[in-house]
Amino acid sequence: MIREAARPGRRPNPARGNAIRAAVVEILASDGYAGLTMDAVAVLAGVSKATIYRRWPTKTELLVSVIDHASDETLTVRDTGSLRDDLVHLIAALADILGGPGGAASRALLFGAASDPAIGRAFRSGPMDRWGAAFGAAFRRAVDRGELTPDAATSYAAESGPGILVQRWTVGRPIDPSMAEDVVDEVVLPLIERYRPG
């Protein structure tokens, strides 16, 4: 994780850092990766470019910081006692994240990841890993409860629900939390039937 660089003898102002990251997200969501410049970030955040460069010497470091910060808003994991209900909750929450401004900004970052490996690594080790962990935990709980056989947790069937959302998100198709029940009932549950005990 890339940390903000501190000036000697002065601690970075968290509010200013948050304003800069918020400006990056807004610009990415509205203008895409190509429209993201340090000048535009400085104007929208109400700071000088020097302030940005003191914290993040390069555009890549700023973007990695934005990804790190955004990935702290991880999916809330709720143990409902039922795999179906856990998945409906998680898919609705993921749809809410991907369908919002942060999701639009992250999609724009994917274009930057193609030319900047550091952005790709940050995205995979941040949001993608955390989302994967949340869904993996739901399947492991189902295995522990005896709902599924152990190999279900690492199956392609387990990836199908979030996979549908990420695919739609990547190509800019509509995503809404109301999709969650249909995705679970029409896709995920039929696919995991083969992993039911007995």
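Rundown of residues vs (1) of a type outside the set (Gly, Ala, Ser); (2) touching a residue at least 40 places away in the same chain (Cβ under 8 Å), yes/no style:
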position: LEU98; (1), (2): yes, yes
position: LEU109; (1), (2): yes, yes
position: ARG121; (1), (2): yes, no
position: GLY132; (1), (2): no, no
position: GLY136; (1), (2): no, no
position: ASP144; (1), (2): yes, no
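I want to confirm something. Restricting to the stretch 124-138 and keeping residues that are among the hydrophobic types (A, V, I, L, M, F, W, C) and touching a helix residue (DSSP H, G or I) at 6+ places or on another chain (Cβ under 7 Å), which single residue is modelled with the lowest pLDDT? Write out each step before concluding.
Quick first cut of the stretch 124-138, residues among the hydrophobic types (A, V, I, L, M, F, W, C) only: 128, 131, 133-135, 137-138.
With touching a helix residue (DSSP H, G or I) at 6+ places or on another chain (Cβ under 7 Å) added as a condition, the list becomes 131, 134-135, 138.
On the way: TRP131: 84, ALA134: 90, PHE135: 92, ALA138: 94.
Checking each candidate, the answer is TRP131.
Which condition number in (1) among the hydrophobic types (A, V, I, L, M, F, W, C); (2) modelled with pLDDT under 90; (3) more than 28 Å from ASP68 (Cβ to Cβ) is the one that PHE111 fails?
(3)
Filter the stretch 33-78 down to residues that are outside any loop (DSSP other than H, G, I, E, B) and hydroxyl-bearing (Ser, Thr, Tyr) and give me whichever is modelled with the lowest pLDDT.
Keep residues of the stretch 33-78 that are outside any loop (DSSP other than H, G, I, E, B), which gives 33-35, 38-45, 49-55, 59-71.
Still in the running and hydroxyl-bearing (Ser, Thr, Tyr): 33, 51, 53, 60, 65, 71.
Working: TYR33: 84, THR51: 93, TYR53: 93, THR60: 86, SER65: 84, SER71: 55.
Checking each candidate, the answer is SER71.
Can you confirm whether VAL171 is within 15 Å of the chain's Cα centre (by Cα), at pLDDT 85 or above and farther than 18 Å from SER82 by Cα?
Working: within 15 Å of the chain's Cα centre (by Cα): no; at pLDDT 85 or above: yes; farther than 18 Å from SER82 by Cα: yes.
In short, no.
Those residues that are touching a helix residue (DSSP H, G or I) at 6+ places or on another chain (Cβ under 8 Å) and either farther than 26 Å from ALA108 by Cβ or among the hydrophobic types (A, V, I, L, M, F, W, C) (or both), I need them from the stretch 161-176; list them, please.
Scanning the stretch 161-176 gives ILE164, LEU165, VAL166, TRP169, ILE175.
Enumerate the helices (runs of 4 or more DSSP H) found wholly within the stretch 125-198, keeping only those where 2 or more residues are of a type in the set (Val, Ile, Thr).
On the way: elements: 129-144, 156-170, 180-183, 189-192.
Fully inside the stretch 125-198 and qualifying: 156-170.
Looking at the stretch 79-124, which of the residues that are in a helix (DSSP H, G or I) and of a type in the set (S, T, N, Q) is surrounded by the most Cβ atoms within 10 Å (Cβ to Cβ)?
Let us first name the residues in the stretch 79-124 that are in a helix (DSSP H, G or I), namely 83-99, 101-115, 117-124.
Okay, now just the ones that are also of a type in the set (S, T, N, Q), so 106, 115.
On the way: SER106: 25, SER115: 9.
Taking the candidates together, the pick is SER106.
The values are calculated or read from the model by the stated rules, or taken from the named source; none is laboratory data. Keep in mind that what you see is a predicted model, and the values were worked out from it rather than measured. For neighbour counting, all protein chains shown are included, and Cβ atoms are generated from backbone atoms with ideal geometry for every residue, glycine included.
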